[in-house]
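S.K.: Let me give you the structure first, and then I'll get to my questions.
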Amino acid sequence: MDVCWEEFGWERLGNGSGRRRLPGWDATTALVAGADGVLLLDTGSTLREGVELRTQAEALLGRRVTHIALSHPHFDHVLGTAAFSGAEVYGAVGTAELLGRHGAEELRADALRHGMGEADATAAADALVAPRHQVSGEWTLDLGGGLQVLLANVGPGHTGHDLAVLVPGTPVVVLCGDLVEESGEPQAGRDSVPSHWPAALDRLLELGGEEALYVPGHGAVVDAAFVRAQRDGLAARFGVS
């Protein structure tokens, strides 16, 4: 199937994959389509944004999203998940517990601090969906037609629960979440684990290799040299090797 990604403001990546930079916080969401299944990485910051992504995915691909991978448990990446009824949801181990009732209130408060309207923040937090499947190492998803994508728990780093997605092909595509950021300095909040962040980027580079496209959680697609430079900058910033 020839997907017209650009028609809906998406960027073509490779091997049945594309991504969109969402308005507001410039968060990346990505679709990977196989013959039998469709994976969405991250679901937006509100239920309305999740519904928009669901509608666009169905228009682009002619079918529903079957699998969702949450790159990390921050509001701008997970609060649209409830819009995807029936999808199997994956996250790094520990994410489900974190997104329990207490976690939902924290996400709501964080969204409000960043300027989200109260009605949107409350509705999304009340409907918050935690991952059913928790990835402790690596998990291969067979999307059909020979397309097998790898979910890799490469953290901690940006948070204690960072999940990356590797899409095979030429080029290989690595969906990095906020382990990599291009549109600004990497954000190290109170839930980050700086001592392990450089090692997480080493693992991304090991998975993707030198010729891969690395898709950051915020900003333009980058190459291995950019990831390596960001890794070295984080190591210097936090005094780790």
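S.K.: So what is the relative contact order of region 1-149, in percent, for Cα pairs below 8 Å that sit 6 or more residues apart?
M.R.: About 21 percent, as a whole number.
S.K.: Step through the residues of region 161-166 one at a time and calculate ³J(HN,Hα) from phi using the Karplus curve (6.51 cos²θ - 1.76 cosθ + 1.60, θ = phi - 60°), rounding each to whole Hz and writing x for Gly and Pro.
M.R.: 9, 9, 10, 10, 10, 10
S.K.: Which of the three applies to region 90-159, rounded, prolate or oblate, going by the alpha-carbon gyration tensor with a ≥ b ≥ c and a/c under 1.5 meaning rounded?
M.R.: prolate
S.K.: Let me ask something additional. Spin-label point model (7 Å from Cα, Cβ direction): what's the SER241 to GLU185 distance in nm?
M.R.: Spacing of the two 7 Å Cα→Cβ label points: 2.6 nm.
S.K.: Next up: On a C-alpha basis, how far is the centre of region 135-164 from the centre of region 54-99 in Å? Whole number, if you could?
M.R.: Computed from Cα coordinates, the inter-centre distance equals 14 Å.
S.K.: According to the Cα gyration tensor, what semi-axes, each the square root of 5 times an eigenvalue, does the equivalent ellipsoid of region 47-111 have, listed from largest to smallest in whole Å?
M.R.: After diagonalising the Cα gyration tensor, the semi-axes are 23, 14, 8 Å.
S.K.: How big is the Rg/Rh ratio for the chain, C-alpha atoms only, Rh by Kirkwood, two decimals?
M.R.: 0.94
S.K.: If you don't mind, there's one more thing I want to ask. On average, how much accessible surface per residue is there in the chain, in Å², for a 1.4 Å probe, leaving out ligands, DNA and RNA?
M.R.: Value returned for the chain: 41 Å² of accessible area per residue.
S.K.: Taking 25 °C and 0.890 mPa s as the conditions, I'd like the Stokes-Einstein D for region 129-241 in µm²/s, using the Kirkwood hydrodynamic radius from alpha carbon pairs.
M.R.: Answer from the Stokes-Einstein relation: 172 µm²/s.
S.K.: In whole percent, and with a 1.4 Å probe on the protein chains, what portion of the accessible area of region 1-149 is carbon and sulfur?
M.R.: 49
S.K.: Place the peptides 47-58, 159-170 in order of packing, highest mean first, counting for every residue the other Cβ atoms within 10 Å and averaging per peptide.
M.R.: My ranking of the peptides, most packed first, is 159-170, 47-58.
S.K.: Gain in length, ASP223 to ASP126, computed as 0.36 nm per residue apart minus the alpha-carbon separation, to one decimal in nm?
M.R.: The ASP223-ASP126 span can extend by a further 31.1 nm.
The values are calculated or read from the model by the stated rules, or taken from the named source; none is laboratory data. All values derive from a computational prediction rather than experimental measurement. Positions of Cβ are generated from backbone atoms using ideal geometry, with glycine treated the same way; all protein chains shown enter the neighbour counts. Each accessible area value is taken on the protein alone, full model and side chains, heavy atoms only, with ligands, DNA and RNA left out. Shrake-Rupley method; radii C 1.70, N 1.55, O 1.52, S 1.80 Å.
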